[in-house]
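Visitor: Sharing a structure, written as structure tokens. Questions coming.
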Amino acid sequence: MAMNNGSSASSKGLIVSFGEMLIDFVPTVSGVSLAEAPGFLKAPGGAPANVAIAVTRLGGRAAFVGKLGDDEFGHMLAGILKENGVSGDGINFDKGARTALAFVTLRADGEREFMFYRNPSADMLLTPEELNLELIRSAKVFHYGSISLIVEPCRSAHLKAMEAAKDAGALLSYDPNLRLPLWPSAEEAREQIMSIWDKADVIKVSDVELEFLTGSDKIDDESTMSLWHPNLKLLLVTLGENGCKYYTKNFHGGVEAFHVKTVDTTGAGDSFVGALLCKIVDDQAILEASIKTVILYDEARLREVLRFACACGAITTTKKGAIPALPTVSAAHGLIKGE
């Protein structure tokens, strides 16, 4: 199995992450409303960017494709990607629009609420013509969310990038990362998220997203399998402190979570996805089991990968902010061995 154990990152398959990067303003005090917050700390965010940095933190190769404002925040974010070893060859800067901002309320239980400033922000203005198609075509895994589907021209850029990656043989990875306040309506969100559903090879949803997309309050196998499509290789449902469930053509099951002291859940799902992609980018056979003996072997390998991903997600909740909390391989193995 391809392990990220400090061997040369240049020999690893490239994971290209497409979408938004922004500044989260996080209250200095947890459990208060935005109006009550005495102050805010700026934290780089945006799920696709978090995934890219999660990959490089674990020793993998990643690039980010998206658009930032040609402003101090935009250049700061590009610098953070570079500092973390993420290729910026797919970054564009917009002279007319600002980098997106989000004010994030941290509730007492570590969960979040969002207020966004994007009217429009630079990430929404990425055009198909601005895409670095050479970079996208070199991806072994192409990862994306759904925020880039909300408005044009970014939606067209998203569809073109996805098609180019697929045509070049990349594995397509989709984490819808539902942010309802950004959509015109819940109906529009559901329709657009599902509009590209059958293109993805790997899909990860949270329990909340599963309920939203199925319209059911049941988080069970029947409800989950209603989201299955014939081209899918792996469907994952993350369940927070209850771990995750996995579904393939041949088997399904669950992996328990690691119990840690949760401070802030920001980036936990992105850390999970980054860890998963890092492990499978050079070992995609893990998703292709066909005969019974291989199925048993591959389920054991997949469970091992998901246990690693769950450990990475858990560690990310133990500190404030996403990027500073993303773990190294040794930290993840330390948690696994400690349980």
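Visitor: Would you calculate the separation in nanometres between label points at Asp71 and Met225, each defined as 7 Å from the Cα along the Cα-to-beta-carbon direction?
Guide: Taking the simple label geometry, Asp71 and Met225 are separated by 4.9 nm.
Visitor: Let me ask another. I'd like the antiparallel share, as a percent to the nearest 5, of DSSP beta bridges with both residues in region 196-303.
Guide: Roughly 60 percent of the beta bridges in region 196-303 run antiparallel, per DSSP.
Visitor: With a 1.4 Å probe and every protein chain left in place, tell me how much accessible area Asp221 has, in Å² to the nearest 10.
Guide: 60 Å²
Visitor: For region 216-247, which trypsin sites (Lys or Arg not before Pro) are both in a DSSP coil and crowded by at most 14 other Cβ atoms within 10 Å?
Guide: The qualifying sites are Lys218.
Visitor: Also, I was wondering about something else. Rounded to the nearest 0.05, what FRET efficiency do Ser195 and Glu129 give with R0 = 22 Å and r taken as the Cβ-Cβ distance? Could you check?
Guide: 0.50
Visitor: Working out 0.36 nm times the residue gap between Gln284 and Lys160, then minus their Cα-Cα distance, what length gain in nm do you get to one decimal?
Guide: That pair, Gln284 and Lys160, stretches by 42.3 nm at full extension.
Visitor: So what is the accessible area of the chain per residue, in Å², with the probe set to 1.4 Å?
Guide: Value for the chain: 42 Å² per residue.
Visitor: Round to the nearest 10 and report in Å² the accessible area of Met225, as given by a 1.4 Å probe over the protein chains' heavy atoms.
Guide: 80 Å²
Visitor: At 1.002 mPa s and 20 °C, plugging the Kirkwood radius over alpha-carbon pairs of region 158-271 into Stokes-Einstein gives what diffusion coefficient in µm²/s?
Guide: Reported coefficient: 140 µm²/s.
Visitor: For region 208-339, place one equal point scatterer on every Cα, skip the solvent, and apply the Debye formula. What is log10 of I(q)/I(0) at q = 0.17 Å⁻¹?
Guide: The Debye formula, applied to the Cα set alone, gives -0.94.
Visitor: Of the listed values (1) 1.33; (2) 1.28; (3) 0.93, grab the one calculated as Cα Rg over 2.2 N^0.38 Å from the structure here.
Guide: Looking at Cα Rg over 2.2 N^0.38 Å for this model, the match is (3).
Visitor: Using the basic label-point model (7 angstrom from Cα toward the beta carbon), what is the Asn119 to Lys249 distance in nanometres?
Guide: 4.9 nm
Visitor: Here is a follow-up. If you add up the charges near Lys12, with Lys and Arg at +1 and Asp and Glu at -1, over every other residue whose beta carbon is less than 13 angstrom from its beta carbon, what do you get?
Guide: +1
Visitor: Counting other C-beta atoms within 10 Å, and keeping those with at most 14, which DSSP coil GluC sites (Glu not before Pro) do you find in region 213-321?
Guide: Answer by residue number: Glu256, Glu288.
Visitor: Please work out how much length the chain gains when fully extended from Asp217 to Glu187, using 0.36 nm per residue of separation minus the C-alpha to C-alpha distance, in nm with one decimal.
Guide: Taking 0.36 nm per residue and subtracting the Cα distance, the gain is 9.1 nm.
Visitor: Once the piece of chain linking Ala108 and Arg137 is laid out straight, how much longer is it, given 0.36 nm per residue of separation minus the C-alpha distance between them?
Guide: 6.1 nm
Visitor: Can you tell me which of Phe73, Phe40, Phe258 moves the most in a GNM of the chain? Springs connect C-alpha atoms under 10 Å apart.
Guide: Sorting by GNM fluctuation, first place goes to Phe40.
Visitor: Do the alpha carbons of any pairs in Lys245/Lys319; Lys140/Lys199; Lys199/Lys279 sit beyond 23 Å of each other, and which pairs?
Guide: Lys245/Lys319
Visitor: Could you work out what % of the accessible surface of the chain is carbon and sulfur, using a 1.4 angstrom probe and leaving DNA, RNA and ligands out of the count?
Guide: Looking at the chain in its full context, I get 52 percent from C and S.
Visitor: Calculate the dipole size of the chain relative to its Cα centre from +1 charges on Lys and Arg beta carbons and -1 charges on Asp and Glu beta carbons; express the result in debye to the nearest 20.
Guide: 840 debye
Visitor: Note down the nm distance, to one decimal, between modelled labels 7 Å out along Cα→Cβ at Glu36 and at Ser11.
Guide: 5.5 nm
Visitor: What number, rounded to the nearest 500 deg cm²/dmol, is the helix-based mean residue ellipticity at 222 nm of the chain, given -39500 (n - 2.57) per DSSP H run of at least four residues and division by all its residues?
Guide: It comes out at -10000 deg cm²/dmol, rounded to the nearest 500.
Visitor: Would you mind pulling out the separation of the Cα centroids of region 218-242 and region 16-91, in Å?
Guide: Region 218-242 and region 16-91 have Cα centres separated by 28 Å.
Visitor: Report, ordered by chain and residue number, the aspartates and glutamates lying within cross-link reach of Lys160, taken as a straight Cα distance under 20 Å and ignoring same-chain residues fewer than 8 apart.
Guide: Glu20, Asp89, Asp94, Asp123, Glu129, Glu130, Glu134, Glu152, Asp175, Glu191, Asp198, Asp201
Visitor: Among DSSP beta bridges lying fully in the chain, give the percent that are antiparallel, nearest 5.
Guide: That works out to approximately 40 percent antiparallel.
The values are calculated or read from the model by the stated rules, or taken from the named source; none is laboratory data. Owing to the predicted nature of the structure, the values given are computational and were not obtained by experimental measurement. We place every Cβ from the backbone using ideal geometry, glycine too, and count neighbours over all the protein chains shown. For the accessible areas, the whole protein counts, side chains as well, though only heavy atoms, and no ligand, DNA or RNA atoms are used. Shrake-Rupley method; radii C 1.70, N 1.55, O 1.52, S 1.80 Å.
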